1. For Val293, what is the net charge nearby, where nearby means another residue's Cβ is under 12 Å from its Cβ and Lys, Arg count +1, Asp, Glu -1?
2. Pick from Ser296, Ser117, Ser153: which residue has the top mean-square fluctuation in a GNM of the chain where Cα pairs under 10 Å get a spring?
3. Taking the Cα centre of each part, how many Å lie between the range 106-136 and the range 289-346?
4. To the nearest 0.05, how large is the calculated FRET efficiency for Asp215 and His274 if R₀ is 25 Å and r is the Cβ-Cβ distance?
5. Which of His59, His227, His328 ends up with the largest GNM mean-square fluctuation for the chain, with Cα atoms connected below 10 Å?
6. Quickly work out the Asp197-to-Asp81 label distance, labels modelled 7 Å from Cα along the C-beta direction, and quote it in nm with one decimal.
7. Given the options Phe304, Phe142, Phe120, state which has the largest fluctuation in a GNM of the chain using a 10 Å cut-off (strictly under) for Cα springs.
8. How high is the relative contact order of the chain, in percent, counting Cα pairs under 8 Å that sit 6 or more residues apart?
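The values are calculated or read from the model by the stated rules, or taken from the named source; none is laboratory data. Given the structure is predicted, the values throughout are model-derived calculations rather than measurements. So basically every Cβ, Gly included, is an ideal-geometry build from the backbone, and we count neighbours across all protein chains shown. Surface areas here come from the heavy atoms of the whole protein model, side chains and all, with no ligands, DNA or RNA. Shrake-Rupley method; radii C 1.70, N 1.55, O 1.52, S 1.80 Å.
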Amino acid sequence: MIFRQLFDSVSGTYSYLIASRSGGEALILDPVLEKADRYCQLLRELDLKLVKAVDTHLHADHVTGLGELRDRTHCITIMGDQSKADVVSMRVADGDNVTIEGISLDVMYTPGHTDDSYSFLMGDRVFTGDTLLIRGTGRTDFQNGSARAQYDSIFNRLLKLPEETLVYPAHDYKGDTVSTIGEEKRYNPRLQVRSADEYVELMNNLKLPNPKMMDVAVPANMHVGWHQEDLAKEGRALSACEAIKALGRPDILLVDLRESGERAKHGTLAGALHAPYPSIEESLKPGGMLREVAASTGRRIVFFCAFGERSAMAVCAAKQAGLLNTAHIAGGMDAWKKAGGPVMAA
């Protein structure tokens with residue numbers, strides 16, 4: 001396995017690049033905007049294809065690299081269901097999995113630092129975001145944070161993991177790089193409390209100054225979505241209502257870009273062809289499945305996904321590949337359901 005812990009000294013942020021093999025698919029956790037050049041250089045050096053970029057929560061101390069990496073690599077951006085970010089390609093909930101080739105991360109909802117804080121468990125290690133730090137815990141006094149919720153996330157979720165589980169946080173300000181669940185149980189001063197009430201009292205009296213970047217980072221991190229309106233101006237977008245009216249038309253081929261887990265959880269559209277987004281470039285090449293289907297049937301391909309971001313990128317990829325008669329459903333399945341469109345089990 002390829003595993004790299006990358007550090008941004010300005011914000012004290014750790015980012016993690018993970019892949020199962022050289023030449024394969026890669027995932028990055030908690031990327032920092034200013035480090036995008038470094039990440040892309042490392043991807044080239046290790047011959048990796050970035051397919052997913054994940055934020056553990058809406059950060060207040062740095063601007064996320066999600067949008068920049070998506071623009072450079074066309075990767076899928078991922079955050080939790082509760083995130084206030086305008087558009088990410090995929091939203092996950094407790095019990096879901098984030099997968100790439102050879103790698104699977106178990107999704108754990110661990111609110112408290114913020115109301116959208118998640119941790120990700122991968123075998124012998126857990127990426128705790130700002131929920132559990134090395135010899136500390138994330139502050140709980142802004143972004144709908146809750147010391148009581150964090151106590152529950154730490155004591156009833158994270159500390160229930162095997163003691164040898166490696167702890168990789170999203171931040172550290174002392175130079176520590178990794179810990180274990182057992183170490184934190186024994187030596188983390190904030191965890192030496194006898195009750196949730198005692199923990200709440202401790203966290204509510206930290207009196208910490210706001211992060212220096214907070215007024216810049218939070219608004220920026222809430223607006224990372226792909227600008228889908230440009231496709232609408234080009235006539236390459238159908239509103240959910242337009243798409244509902246077009247359902248079943250013989251001249252249209254609906255293509256579902258979501259992953260199997262999303263389809264099973266949220267349903268799909270009648271007659272839709274399943275072509276997961278990470279394989280889109282291959283499908284659009286000469287001889288590729290989507291290109292051949294479009295050529296043989298003459299039907300217009302209409303892509304859709306969860307929120308419209310993957311499908312918008314797929315339309316752009318199709319245009320670059322010379323397939324001009326494509327469009328997407330703006331806002332994806334989210335907009336479709338809100339408009340009352342029919343959904344069937346995958």
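1. Values: positive: Arg291, Arg299, Arg300; negative: Glu292.
My count for the surroundings of Val293 gives +2.
2. Among Ser296, Ser117, Ser153, the largest GNM mean-square fluctuation belongs to Ser296.
3. Comparing the Cα centres of the range 106-136 and the range 289-346, I get a distance of 34 Å.
4. Numbers: r = 43 Å, r/R0 = 1.72.
Efficiency, from the Cβ-Cβ distance: 0.05.
5. Taking springs between Cα atoms under 10 Å, the residue moving most is His227.
6. In this crude spin-label approximation the distance works out to 3.2 nm.
7. The residue with the greatest mean-square fluctuation here is Phe142.
8. Across the chain, relative contact order equals 13 percent.
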